[in-house]
Structures are given as structure tokens and as C-alpha cells.
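The values are calculated or read from the model by the stated rules, or taken from the named source; none is laboratory data. Here the structure is a predicted model, which is why all the values come from computation and not from measurement. Heads up, the Cβs are rebuilt from the backbone with ideal geometry, glycines too, and the neighbour counts pull from every protein chain shown.
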Amino acid sequence: MPGHGRSANVDGGLNEWCDEIIKILPDNPILLGWSLGGLLAINIAKKIKISQLILLASTPKFIKDSDWNYGIDADNFEQFSNTLQLNLSKGLKRFISLQTDNKAQLKSLNRSIDALPASPNALSQGLDILLKSDLRKLLKQLTIPVQVILGKRDTLVPVDIVKWYKAQNISLTLLNTGHLPFLHPDFELSII
């Protein structure tokens, strides 16, 4: 993702980030998007031909409102956003500590956060994408295979969203994990 890890910053929002990612994709890829990356993957699936979309701990709309009960309360999101913007490393480490009780995994993830932090610009843009994006209609319009993998204990993507995904006839896998389902021992089997 732009501005994360070793990727360069890209000014803009959802479309600009997706356009940058599209530049490096092979023809007819399988896209897997985790969390915010799921929004990017849905949007990319609208722009180019892909063979399959896998959403990992993701939702087409992250913020709860009057017609969407499967998101984060706007006040809680603002508090989370403020915490991250005040101290990115500390905020991410606190968030991750709530997602796993495996101390070895936690240490490894914390080292990764310190080694490859997101830039403040990318953080701000990513939070804005999470706050403003509503890709429900777009996801419903896709004609490619879509698979969703969720964690039953996820604090950002409520497990109740299963009802909405099932109503869209989307293939669904639930793991006994939080917002980091790739830490679950059966994760690799669930995406095959």
C-alpha cells in the first residue's frame, strides 16, 4: 500500500492509491485485501480485470451509520484515529495487542511495526479512506468470485456482517481470531 513499508507515498485518496497499485499488478490477478486493503481491492476490481477477490477482515464500509450496522461507531473510529495520529507506533502496538494473545506473534509484529512504519501522510490518507468509503454497491456489482475471511473476535469488522455477506451470496470463512486472521493456524487452508 502506498506509504506503508517500503512503498512510496502517493498523494490523494482511494482512486489515487488504487491507480498506483494497478501499475505493478500482473494481468488478471487474484487480489487479496486485508482491512483497509480490502477497500482498495474492491475498487481495483472495478477498474481492471481480475480473476478473484479475497477480502480478509474487511468490509465495503467501515463506519456505522443509519443504514449500516456492520461498522465501527464514528466516535470510536475518531478516538482510534486520534490515538494513531498522536503516536503511530504506540497506537498500532496497542491495537495489535488486543488482537492476539500469542506473545511470540506479538513480539514479531511489534518488531515489524518498528522496522517498516507507515508514513504520517499515508496514515492520514488511509484513515480518511476508511472514514469516507462506501463500496457496498460496487461490491454487489462484481461478477467475479469473491471470498471473505473474517475473525469471530474482530473488534473492527463485527462478525454480524456475516449476514450481509451471506445475503450477497459471497463465499465466507470464519476463523476463531481477531482482526489479524492471517495469524490463525488454519488461515492458509482457508484461502485455498
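Annotations
- The C-beta contact set for the range 11-29 (first residue exposed (fewer than 11 other Cβ atoms within 10 Å of the Cβ), second residue at pLDDT below 95 and hydroxyl-bearing (Ser, Thr, Tyr), distance under 8 angstrom, 6+ apart or interchain) is empty.
- Of all the residues in the range 84-98, those that are under 22 Å from Leu183 (Cβ atoms) and among the polar types (S, T, N, Q) number 2.
- Long-range neighbours under 6 Å by Cβ, at least six apart or interchain, first residue free of Cβ contacts under 8 Å to residues at least 40 places away in the same chain and over 16 Å from His179 (Cα atoms) within the range 141-167, second aliphatic (A, V, I, L, M) and surrounded by fewer than 21 Cβ atoms within 10 Å (Cβ to Cβ): Tyr165/Leu172
- When the helices (runs of 4 or more DSSP H) confined to the range 86-150 are screened for residues that are buried (at least 19 other Cβ atoms within 10 Å of the Cβ), those reaching at least 3 such residues are found at 120-132.
- Count - residues of the range 35-72 that are surrounded by fewer than 17 Cβ atoms within 10 Å (Cβ to Cβ), out of contact with any strand residue (DSSP E or B) (no Cβ under 8 Å at 6 or more places or on another chain) and not in a strand (DSSP E or B): 7
- Tabulated pairs, the range 61-82, first modelled with pLDDT under 90, second in a helix (DSSP H, G or I), C-beta under 7 angstrom, 6+ apart or interchain: Phe77/Leu131; Ser81/Leu127
- For the range 59-80, residues that are under 18 Å from Trp34 (Cα atoms) and among the hydroxyl-bearing types (Ser, Thr, Tyr) total 2.
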